[in-house]
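Accompanying notes for the structure given below.
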């Protein structure tokens with residue numbers, strides 16, 4: 001899962017001489033991955049850097065994460081005070097064991113190895129910008 | 001009054017139980033066997049060049065998107081990119097927030113603001129994104145992580161903010 005992947009990346013970055021810090025929304029997975037430094041934000045998955053249209057909150061969360069780089073050189077997971085809502089009822093439905101009748105159906109999206117675009121237009125743009133030899137954008141992809 | 005506060009979710013327990021109930025293969029959780037090493041720090045964050053790696057399946061329009069089957073590739077996102085040109089695709093989290101405001105999984109606006117405010121010395125020319133929901137820890141260890149380390153070294157960053165989803 002993502003928090004584990006990030007743990008593996010963090011360990012290799014630190015070994016290469018690059019300091020790391022992270023934001024976590026999954027405290028137990030981050031601890032299992034032995035993340036060097038992280039702040040724990042008790043928000044649902046998909047909101048690692050806070051809430052929609054709230055740059056101030058994102059700044060405060062990131063500041064807290066970056067402060068750990070200056071402050072500590074030992075495994076640290078700092079709990080942030082922010083709450084998602086007035087109560088924690090959002091947690092009730094997260095990864096709950098489904099009802100018996102649905103248990104025979106695989107509810108996960110089918111895992112295809114073709115690119116999954118947010119919009120069909122994105123697919124067209126991607127095809128367009130790769131219709132030639134000089135793709136200047138996807139520098140990160142190995143084909 | 002904080003008495004309606006629930007403890008953090010035990011994701012490992014809940015996901016393991018859900019997978020079992022659905023008859024999926026048991027997920028192999030990664031428990032790091034070794035303590036992390038810590039890079040030697042010579043500069044403060046306010047004097048440092050900071051990079052960012054996010055795992056939420058973010059791409060820029062014009063880029064090839066990610067796929068959903070153990071995709072160990074990554075994308076370089078120039079830090080000057082407008083948020084409106086960024087997209088999110090993933091199989092493992094609710095994308096509604098990210099598609100309304102990409103900053104909830106890729107806080108590019110906050111990073112720029114922190115630089116403007118002087119809290120960060122500089123931000124790297126490129127940030128990096130990947131899928132993260134990769135079931136093969138080996139492909140992360142041997143492919144994705146080393147590639148990202150190499151790119152971060154090229155960017156000459158002093159430190160990296162990691163944003164998993």
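Checked against (1) within 16 Å of the chain's Cα centre (by Cα); (2) under 17 Å from residue B:165 (Cα atoms), residue B:100 meets all criteria but (1).
Taking the stated definitions as given, is residue B:75 within 7 Å of another protein chain (Cβ to nearest Cβ) and part of a strand (DSSP E or B)?
yes
Out of everything in the stretch B:78-110 that is under 23 Å from residue A:18 (Cβ atoms) and facing another protein chain (nearest Cβ under 7 Å), what residue ends up being surrounded by the fewest Cβ atoms within 10 Å (Cβ to Cβ)? Give the steps one after another, and end with the answer.
As a first pass, look at the stretch B:78-110 and keep what is under 23 Å from residue A:18 (Cβ atoms): B:78-81, B:105-108, B:110.
Okay, now just the ones that are also facing another protein chain (nearest Cβ under 7 Å), so B:105, B:107, B:110.
Values: B:105: 30, B:107: 29, B:110: 24.
Of everything passing the filter in the stretch B:78-110, B:110 is surrounded by the fewest Cβ atoms within 10 Å (Cβ to Cβ).
If the condition is being modelled with pLDDT under 95, in a loop (DSSP other than H, G, I, E, B) and under 20 Å from the mean Cα position of the chain (by Cα), then the stretch B:10-52 contributes B:29, B:30, B:31, B:32.
Looking at the stretch B:113-124, can you tell me whether even one residue there is in contact with a strand residue (DSSP E or B) (Cβ under 9 Å, 6 or more places away or on another chain) and in a helix (DSSP H, G or I)? Yes, the stretch B:113-124 has at least one match.
For the stretch B:10-21, the criterion of being crowded, with 21+ Cβ neighbours inside 10 Å and more than 7 Å from chain A (Cβ to nearest Cβ) is satisfied by no residue at all. So how many residues does the stretch B:149-160 have that are facing chain A (nearest Cβ under 7 Å) and farther than 23 Å from residue A:67 by Cα? Qualifying residue count, the stretch B:149-160: 0. For the residues A:74, A:14, A:31, the requirement of being more than 7 Å from chain B (Cβ to nearest Cβ), out of contact with any helix residue (DSSP H, G or I) (no Cβ under 8 Å at 6 or more places or on another chain) and surrounded by 18 or more Cβ atoms within 10 Å (Cβ to Cβ) singles out A:31.
Does the stretch B:132-147 contain any residue that is assigned to a strand (DSSP E or B) and either buried (at least 23 other Cβ atoms within 10 Å of the Cβ) or at pLDDT below 95 (or both)? No: the stretch B:132-147 contains no residue that is assigned to a strand (DSSP E or B) and either buried (at least 23 other Cβ atoms within 10 Å of the Cβ) or at pLDDT below 95 (or both).
Contact annotation: residue pairs with Cβ atoms under 9 Å, 6 or more positions apart or on different chains, pairing a residue in the stretch A:53-70 that is within 7 Å of chain B (Cβ to nearest Cβ) with a partner that is surrounded by fewer than 16 Cβ atoms within 10 Å (Cβ to Cβ) and in a helix (DSSP H, G or I), are A:53/B:100; A:70/B:46. Taking residue B:93, is it outside any strand (DSSP E or B) and over 21 Å from the mean Cα position of the chain (by Cα)? The answer is no for residue B:93.
The values are calculated or read from the model by the stated rules, or taken from the named source; none is laboratory data. None of the values given here were measured: they were computed from a predicted structure. Every residue, glycine among them, receives a Cβ derived from its backbone with ideal geometry; neighbour counts consider all protein chains shown.
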